[in-house]
Number of protein chains: 4
Amino acid sequence: MSREFDLPRRLVAEALGTLLLVATVVGSGIMAERLTDDTALALLGNTLPTGAILVVLITILGPISGAHFNPAVTLAMLLRGAIGRHSAGLYVAAQILGGIAGTVAAHLMFEIPALGLSAHLRTGPAQWWAEIVATFGLVGVILGGLRFNGPAIPWLVGLYITAAYWFTASTSFANPAVAIARAFTDTFSGIRPLDVPAFILAECIGAVLATALFGWLLHPGTRLTIRGALRGAAD
Amino acid sequence: MSREFDLPRRLVAEALGTLLLVATVVGSGIMAERLTDDTALALLGNTLPTGAILVVLITILGPISGAHFNPAVTLAMLLRGAIGRHSAGLYVAAQILGGIAGTVAAHLMFEIPALGLSAHLRTGPAQWWAEIVATFGLVGVILGGLRFNGPAIPWLVGLYITAAYWFTASTSFANPAVAIARAFTDTFSGIRPLDVPAFILAECIGAVLATALFGWLLHPGTRLTIRGALRGAAD
Amino acid sequence: MSREFDLPRRLVAEALGTLLLVATVVGSGIMAERLTDDTALALLGNTLPTGAILVVLITILGPISGAHFNPAVTLAMLLRGAIGRHSAGLYVAAQILGGIAGTVAAHLMFEIPALGLSAHLRTGPAQWWAEIVATFGLVGVILGGLRFNGPAIPWLVGLYITAAYWFTASTSFANPAVAIARAFTDTFSGIRPLDVPAFILAECIGAVLATALFGWLLHPGTRLTIRGALRGAAD
Amino acid sequence: MSREFDLPRRLVAEALGTLLLVATVVGSGIMAERLTDDTALALLGNTLPTGAILVVLITILGPISGAHFNPAVTLAMLLRGAIGRHSAGLYVAAQILGGIAGTVAAHLMFEIPALGLSAHLRTGPAQWWAEIVATFGLVGVILGGLRFNGPAIPWLVGLYITAAYWFTASTSFANPAVAIARAFTDTFSGIRPLDVPAFILAECIGAVLATALFGWLLHPGTRLTIRGALRGAAD
C-alpha cells in the first residue's frame, strides 16, 4: 500500500477486488455445479479459479489499497497498527458492499435473480473450528509474507486458499465480507444467512490468534502474549 | 514491446501467438470432449492448457510485439496512445488471420476438415454481460500489470483467463480474434457465427470501460471520465 | 535459516509447519474421499492442496527454521553439516509431535475422533522402492535448489511433491514424521502402523543416496563415494 | 550450462534428468489408469506431474548440463552452435539410456516387468503433424526463453508441455528419447515400437523449423532462410 493513492481510490480498489473475488467464487461455483454431478470436481472447478484470481487481484490492487478484500485481514492490520480505525471501518464497508455486488454480477451472468438467500447449512463446532484454522492460516501466511517476502504475497494467498478449500471442512471462507456476500446466493457456494454470524466470529478469532502467535514467531525479542505480540508486530 | 523489432517481425509475432493460442483453445477442447462425458472435466481440460500457453506465449513474444493476440487489447493500447492507428489495424489483421490458422492447425491434428462452422449457440444479454465483465477484467489486469509489475503480466493474464473460463457464463472469450476463429470450428469451443458480432461488441465495451476505470484508479491526480482517464493513462 | 531466530522459535516453526502440512494431507484426503467415488479425482484433490501448502509453508517458515518439516531432510542436513546433532534431534521431535497434532486438527474439522489407527496396507518391495525413489528425488531437489537457486526451493518442493504423488506407487510419503502422523488416521491418506517402520527405513536410504549422488554431481572436484560426497557437500 | 561442470557430470545430469522425466510420464500414467476409468482424468493425472517435474528438473540440472533431456533440443542447440558434435552425440546417448532406465524405475514401483513393448498405436499423418507442431513449439519456447528470459525457461517448458499434452492430438511426445523409452511400456503412456521412427522424424522436423523461424523472429537483422537463420541464431 502506497501513500500515493488517496482514500477514494483505495476504497474503490477494496470494493472492486472483493467484487471480482466474490464474482469468481460464486460464478465458478454455479458453472461447476451446472456442468457436473461429481461434487469433488465441482469443488475443483471452484478452487482453481479462486486461487488464480487472488494472485491476480492482489498483484494489481495491492499497491493501491493493500488488497485486503477481507475484514479479518483488515482487523489484523488494525491490530498491528498498519491501518487506522477510521480507514479500517471504511475498508470493511467497501469490502461488504463490493462482495454483495460480486454476487449480483455473477448472478446476472448466469441468469439468476440478482440476489437470493442461501439454504446451504454450514454450522456446528467442527465448521467453526475449520474457520478458525482457515483464517488463522490465512492471516499467518500474510504476516509471514510481509515479514520475509512481500512480492510473494499474491502467490502465497492464492496457493493457501487453493489448499484451504480442501483441507478445511468449511472450504475455507476465512473472510467475513465474502461470507456475507455468499449468504445472498442459493447456489453451490452459498451459506445460510443464519450461519454467517458464527462464521464471522470464528474468522475474527482465527485472525487474532494468528496475529498473536505469528507476532511472536516472526519477531525475535518479543514475548508470546496477545498484548506483547501485537506490540512487537507493530515494528 | 521494443522498438528494436521491425513491423514484419511484430506482425508475425502477433499472428504466431494468436495461432498457437487458438490452436490450444480449439485443440484442447477437441481432446477433452473426445476423452470424457463430464462437461466440467472437459472444461478443465480446456482451461488449464489455455492458461498455461498464455503465460508461455506472452513471455516469449511480448518483447517483440507486446503480445496482444487480441483486438480488444490492441484497442485499449490505441486508446492509451501506446500504439498508432496504422500499426493497430495491421495488428488486428494479423491476429484474425493467425487465429483462423490456429483453428486449421488444430483441426488437422485431430483429423477434422480444415474449417467448419460452429452450431454452438452463445447469445443473449447474460452472455453479453459475461463478455463485458470478462474483457473488462482482462484489460484491467493488463493495465494494472503494466502500471505495477510488468514482468508478472504473462502470469497475470494466464491466471486471469484460468479463472474467467469458470466465473463468466460465456467461458470468457474476451477476444474478438479468438471469437472469429472459434466460429470456424464445430467442436467444444465453437461459437455460432451469427453470435460473434454481439460478442465482439461486448468485448470492445468491456475494454473501453476498463481503460476508463483503471485509467483513473491507477493514476492519482486524474479524473474519472472516459476522456480524462484516457488522457491520464497515456503517461 | 537465519541465526537470528532462537531455538524455541525454530522448533515452533518446525512443529507448526509439519502440523499444517499434515492437516492439509489428511484433511484434503478426507474431503476428497467424501465428495467423489473416483479415486483419481480424490488423489488430485489430495495432491493440489499438498503441493500448494508446501510452497506457502516453506516460504514463510523457511527463514526461521529452514522449513525441513521432515526428518529425512533433517538427516540430509545433518550429513551435510548444516545442522548439529542436538538441534537435529529436537527438530525431529518437533516434526513428529507437530505431525500428529496435524492429524488431530484435521480430524476435529471433519468430526472424526481425534486419533485413529489406519488399516490402509502399504507394504512390499515395490512400495519401499517407491519410497526410496520419492525421498531420493525430494532430497536431490532440495540440494540442487540450495546449490543453484535458493529462493526457488518452496516452488521446487511443492512441484516435486505434486509430481511424486502420481509417479511413485506409494503416493510419495517421503517423510518419516508425516508417515507416523498418517498412521493415526483411518482415512484416505492413512498407512497401517505396522507398515510405517519400513517406510521410514526406505526414506532414510533415499535421503542418504541423494546426499551422496548429488553431493558429487553438484560439486565439481569431489569424488563419488558416500564419504567423499558428504565431505564435498559440506562446503 | 556452465563450463564449470565436467563432461561426466553433464552426462549424468542428462541421464538422471531424462530418467526422472520418463519415470514421471510412465509412472503417473500407470497410476492414473489404475485409479480411474475416465480417460480425460487419466490424462490430467499424467499432465500435471509431467509439467511439474519439468520445472523442477530444469531448475536443478540446467546449470550443470543445460537440461536438454531431449535429442530434439540437443539438435537445435547443435544447429545454433551452442554444443559441439561430440558432446551432442554423448548427450543423446545419455538421454536414451536414462529414458529407458526411467521406464524400468517406474515399472518396478508399480510391480510391472522391467521392460515391455507397447501395443499403443500412434501413427498416421495427423499424429505426425501433431508431433511437428509440438516440437516446433517446444524448441521455439526454449529459444525465446534463451533470448529474453533465461531464468523463466523451467517454467516455460513445464507450462508448454502442460498445454501441449492437450492441444496436440499425440499428447505431445516432442522428444525422441522419451518416445523410445515409452516404446518399452505397455501402459497408458506407451507407443508401439513400429510407430517410433516416424515420431522421431517429425520431432526433428519440428525442431529444425523452429530453429529457422525463431532464429529469424528473435534476431533483428537476420534473413528468413534456414541457413541465414541458423547463422543469425549463433550470436
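Overview of results
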item	result
Where B:Ile153, D:Ile30 fall by accessible area, highest first, once all protein chains stay in place (1.4 Å)	B:Ile153, D:Ile30
Cα gyration tensor shape of chain A, rounded if a/c is under 1.5, else prolate or oblate by comparing a/b with b/c	prolate
Charge dipole magnitude, Cβ of K and R +1, D and E -1 - the protein assembly as shown, Cα centre, debye nearest 20	2660 debye
Convex hull projection area averaged over all views, the stretch A:1-52, Cα basis, nm²	3.9 nm²
For chain A, built as a Gaussian network whose Cα springs stay under 10 Å, the top-fluctuating residue of A:Val12, A:Val73, A:Val104	A:Val12
0 to 90° range, to nearest 10: angle between helix C:125-148 axis and chain C longest Cα axis	50 degrees
Average silhouette area of the stretch C:116-193, convex hull of alpha-carbon atoms, in square nanometres	5.1 nm²
Cβ charges +1 (Lys, Arg) and -1 (Asp, Glu), total dipole of the stretch B:1-85, debye	440 debye
At 7 Å out from Cα toward Cβ: C:Pro220 inter-copy label distances (nm, ascending)	3.5, 3.5, 5.0
Nearest-10 value in Å² for the accessible area of C:Trp155, using the 1.4 Å probe	70 Å²
Most fluctuating residue given options A:Asp38, A:Asp186, A:Asp195, as computed from a GNM of chain A linking Cα atoms under 10 Å	A:Asp38
A:Leu121-D:Thr123 pseudo-label distance in nm [points 7 Å out on the Cα-to-Cβ vector]	6.1 nm
nm² value of the averaged projected area, convex hull over the Cα atoms of the stretch D:1-89	6.2 nm²
Average accessible surface area per residue within the protein assembly as shown, 1.4 Å rolling probe, Å²	33 Å²
Pairs of alpha carbons in the stretch B:51-104 whose separation is greater than 16 Å (percent)	44 percent
Using alpha-carbon coordinates, inclination of helix A:196-218 to the longest axis of chain A, degrees	30 degrees
Ranking by accessible area, most exposed first, for B:His120, D:His107 with a 1.4 Å probe	B:His120, D:His107
Solvent-free Debye scattering, log10 I(q)/I(0), computed from the Cα coordinates of the stretch A:162-224 at q = 0.13, 0.22, 0.27 Å⁻¹	-0.45, -0.90, -1.13
Among C:Leu138, C:Leu35, C:Leu159: highest mean-square fluctuation, GNM of chain C, C-alpha pairs under 10 Å	C:Leu35
Positions from the stretch D:73-110 whose accessible area shrinks by 10 Å² or more when the full protein complex is built, not the chain alone, probe 1.4 Å	D:Ala105, D:Leu108, D:Met109, D:Phe110
Cα shape, the stretch B:89-146, gyration tensor, a/c 1.5 rule	oblate
Accessible carbon and sulfur surface of the protein assembly as shown relative to its total accessible area, %, 1.4 Å	66 percent
Part-to-part distance (alpha-carbon centres) for the stretch B:110-136 and the stretch B:25-104, which is given in Å	14 Å
Interface residues in the stretch D:148-181 - accessible area drops by 20 Å² or more relative to the isolated chain, probe 1.4 Å	D:Phe148, D:Trp155, D:Leu156, D:Leu159, D:Tyr160, D:Thr162, D:Ala163, D:Trp166, D:Phe167, D:Ala169
Simple label model, 7 Å out from Cα along Cβ direction - C:Arg147 to A:Arg192, nm	5.8 nm
Value at 222 nm in deg cm²/dmol, rounded to 500, when DSSP H runs of n ≥ 4 in chain A each add -39,500 (n - 2.57)	-24500 deg cm²/dmol
Using alpha carbons only: equivalent-ellipsoid semi-axes of the protein assembly as shown, gyration tensor based, whole Å	38, 38, 26
Accessible surface buried once B binds A (1.4 Å probe; total of both sides; Å²)	3100 Å²
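The values are calculated or read from the model by the stated rules, or taken from the named source; none is laboratory data. Keep in mind that what you see is a predicted model, and the values were worked out from it rather than measured. Please note: Cβ atoms are built from the backbone with ideal geometry, for glycine as well, and neighbour counts cover all protein chains shown. When the accessible area is computed, the model is the full protein with side chains, heavy atoms only, and any ligands, DNA or RNA have been set aside. Shrake-Rupley method; radii C 1.70, N 1.55, O 1.52, S 1.80 Å.
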